Amino acid sequence: MIQITDIQKLGVGLAGFGISLLILGVLLLFDKGLLAIGNILFISGLACVIGIQRTLRFFFQVQKIKATACFFGGIVIVLLGWPLIGMIFEFYGFILLFSGFFPVAVNFLRRVPILGTFLNLPIISGIIERFAGDAHRTMV
């Protein structure tokens, strides 16, 4: 069994709370305060979960520099007061950064009892396959 430290538990809470504030900020018509706090909490939670050194290695890989620039550029634009444009950049960077994790996440969610039944419906399954891609492809 994997041991989870208290810092990692705190990181999961911070990242979850950050994502919640980001969703709430978008629902409240791109409230820049909620979006800024949500971004800061998400990044700090990610650093607590996987460690600062691994977080820096993840974001600053040579092949992910465009994605990292879009993601952090979007955060800076949100902090400067242009939340809609910043969130567009941030979302694009997020998709580029974390696209390798989507097939794994979809396969995990398909094994969840009630959600898996919903995701395996023919129409939903086709949409999810196009969005997540093939789980067996080689990630470069």
Inset, instruction - Might you check whether a residue that is on the phi > 0 side of the Ramachandran plot, surrounded by 13 or more Cβ atoms within 10 Å (Cβ to Cβ) and not in a helix (DSSP H, G or I) occurs anywhere in segment 51-73? - result: yes
Legend entry - Conditions (1) touching a Lys or Arg at 6+ places or on another chain (Cβ under 9 Å); (2) modelled with pLDDT of 90 or more; (3) open to solvent by 50 Å² or more (accessible area, probe 1.4 Å); number of the one not met by V76: (1)
Inset, instruction - Go through segment 79-99 and give me each residue that's touching a residue at least 12 places away in the same chain (Cβ under 8 Å), under 27 Å from V62 (Cβ atoms) and of a type outside the set (A, V, I, L, M). - result: G86, F89, E90, F91, Y92, G93, F94, S99
Inset, instruction - For F118, state whether it is hydrophobic (A, V, I, L, M, F, W, C), surrounded by 12 or more Cβ atoms within 10 Å (Cβ to Cβ) and within 27 Å of G25 (Cα to Cα). - result: no
Legend entry - Meets criteria (among the hydrophobic types (A, V, I, L, M, F, W, C), open to solvent by 100 Å² or more (accessible area, probe 1.4 Å) and under 16 Å from the mean Cα position of the chain (by Cα)) for F91: yes
Legend entry - Any hit, segment 128-135, residues being closer than 28 Å to L28 by Cβ and outside any helix (DSSP H, G or I): no
Inset, instruction - Please verify whether segment 97-107 includes one or more residues that are modelled with pLDDT under 90, outside any helix (DSSP H, G or I) and not aliphatic (A, V, I, L, M). - result: no
Inset, instruction - Find all pairs meeting these conditions: Cβ atoms under 8 angstrom apart; at least six residues apart or on different chains; first residue within segment 1-27 and on the phi < 0 side of the Ramachandran plot; second residue charged (D, E, K, R) and in a helix (DSSP H, G or I). - result: G25/K32
Inset, instruction - Kindly indicate whether any position in segment 71-89 is more than 24 Å from V12 (Cα to Cα) and aromatic (F, W, Y). - result: yes
Legend entry - segment 27-46, residues that are out of contact with any Gly (no Cβ under 9 Å at 6 or more places or on another chain) and either modelled with pLDDT under 90 or not in a loop (DSSP other than H, G, I, E, B) (or both): L27
Legend entry - Tabulated pairs, segment 100-124, first over 30 Å from A67 (Cα atoms) and without any contact (Cβ under 8 Å) to a residue 40 or more places away in the chain, second in a helix (DSSP H, G or I) and of a type in the set (V, I, T), C-beta under 8 angstrom, 6+ apart or interchain: F118/I124
Legend entry - All positions within segment 6-44 that are of a type in the set (V, I, T), exposed (fewer than 14 other Cβ atoms within 10 Å of the Cβ) and under 13 Å from M87 (Cβ atoms): I23
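The values are calculated or read from the model by the stated rules, or taken from the named source; none is laboratory data. Please read these numbers as outputs of a predicted model, since none were measured by experiment. Note that we place each Cβ from the backbone using ideal geometry, even for glycine, and neighbour counts take in every protein chain shown. Just the protein is used for accessible areas: all its heavy atoms, side chains included, with ligands, DNA and RNA removed. Shrake-Rupley method; radii C 1.70, N 1.55, O 1.52, S 1.80 Å.
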